[in-house]
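Written out below as structure tokens is the structure these notes cover.
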Amino acid sequence: MSVVLRVENVYKSFGGVKALEGVSMTVNEGMILGLIGPNGAGKTTLFNVITGYYKPDKGRVELFGRDVTGWPTHKIAQLGVARTFQIPKPFPDLTVFENVLVSIKFSSRKLSEQEAAEEAKRILEFLGLDSHAHMLASQLNVALEKRLELARALARQPRLLLLDEVLAGLNPSEVAYMLEKIKRAKQEFGLTIVMIEHVMHAVMNIADRIVVLHLGKKLAEGTPEEIARDPRVIEAYLGDPKLALAFVERLSSKKR
Ligand SMILES: Nc1ncnc2c1ncn2[C@@H]1O[C@H](COP(=O)(O)OP(=O)(O)OP(=O)(O)O)[C@@H](O)[C@H]1O
Ligand SMILES: [Mg+2]
């Protein structure tokens, strides 16, 4: 199995804040890796380092077998890496359809206008957004906004998809809907996925492996079962009673 992403001993500080301190992880092709950890653990910073938004102070990032440390964001995107943002970043004054079309045009594919429009339609249908195609992005509710964020990332036709809290703020049926779409997208488009998530039962259900960050360091790594039982992980979450509760609930719920 080939390695899609390798992060080696990555450090990143902001002034006195050590956001990442010697983080390493490996993501194999075709897997869904769940990246969890309490608020401020460094999860989004790690995505920002992987995508070239920040250069790490130290350490190395490898994508598809190439050392990409310090590469600019557009070059990393061209390799086939797409992300969603924790706070969705659509073009608010464009329609849902236009937003997806723009992402398709930013991808390195050479498509005619008609082919690009057809592709946009296909992605909107896939995410149940076809009936909202002509709404302005600024008019969407949270659930539709999250779907559009995913649609825009898929429109880049990535090989590696980085999802930053795409389930945050969704009700249980919307969480289930998104999980189903993420699983199907993985299969249909042959994706490898890294997924930052606080909705614990969801990430435990969908991920093949979990990496736990805490205060900028990797606290644990393992299967969802191993992580849910790990006392260090439960302790890390105890600072956050809501998340600790989610863990306890996870212990008593069935997988898949
Ligand atoms: N651009 C920045 N400037 C200064 N500090 C930053 C910056 N980005 C992140 N940080 C700090 O780095 C630490 C890690 O932040 P990060 O956003 O990576 O956490 P996170 O794990 O994604 O948290 P959350 O679950 O709340 O999204 C935090 O202390 C944060 O305040
Ligand atoms: Mg974050």
Need the failing condition index for LYS75 against (1) more than 16 Å from ligand 1 (Cβ to nearest atom); (2) surrounded by 14 or more Cβ atoms within 10 Å (Cβ to Cβ); (3) basic (Lys, Arg), just the number. (2)
First in the stretch 151-165 and within 14 Å of LEU5 (Cβ to Cβ), second anywhere and part of a strand (DSSP E or B) and not hydrophobic (A, V, I, L, M, F, W, C), Cβ under 8 Å, 6 or more apart: ARG159/THR192; LEU160/THR192; LEU161/ARG83; LEU161/THR192; LEU162/ARG83; LEU163/ARG83
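Please specify each residue of the stretch 1-46 satisfying the condition of being under 20 Å from ILE182 (Cα atoms) and surrounded by fewer than 21 Cβ atoms within 10 Å (Cβ to Cβ).
Selection gives ASN28, GLU29, GLY30, MET31, THR44.
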Would you mind telling me which numbered condition in (1) outside any loop (DSSP other than H, G, I, E, B); (2) under 21 Å from LYS43 (Cα atoms); (3) away from ligand 1 (no atom under 16 Å from the Cβ) LEU163 fails? (3)
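Being within 16 Å of ligand 2 (Cβ to nearest atom) and touching a Leu at 6+ places or on another chain (Cβ under 8 Å) is true for just one of THR26, THR51. Which residue is that? If you could, list the steps in order and put the result at the bottom.
Details: THR26 fails: within 16 Å of ligand 2 (Cβ to nearest atom).
Just a single option satisfies the conditions, and that option is THR51.
Name the one entry in ASN99, ASN39 that is in contact (Cβ under 8 Å) with a residue 60 or more places away in the chain, at negative phi and either outside any helix (DSSP H, G or I) or not charged (D, E, K, R) (or both). Before the answer, list the steps.
On the way: ASN99 fails: in contact (Cβ under 8 Å) with a residue 60 or more places away in the chain.
Among ASN99, ASN39, only ASN39 is in contact (Cβ under 8 Å) with a residue 60 or more places away in the chain, at negative phi and either outside any helix (DSSP H, G or I) or not charged (D, E, K, R) (or both).
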Are there any pairs with C-beta distances below 7 angstrom linking a residue in the stretch 49-71 that is free of Cβ contacts under 8 Å to residues at least 60 places away in the same chain and within 14 Å of ARG83 (Cα to Cα) to a residue that is of a type outside the set (A, V, I, L, M) and within 16 Å of ligand 1 (Cβ to nearest atom), with the two at least 6 apart or on different chains, and if so which? VAL49/LYS12; VAL49/PRO56; GLY52/THR73; TYR53/THR73
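Each reported figure results from applying straightforward, stated rules to the coordinates on display, with no laboratory input. All values reported here derive from a predicted model rather than from experimental measurement. Neighbour counts run over all protein chains shown; Cβ positions are idealised from the backbone, glycine included.
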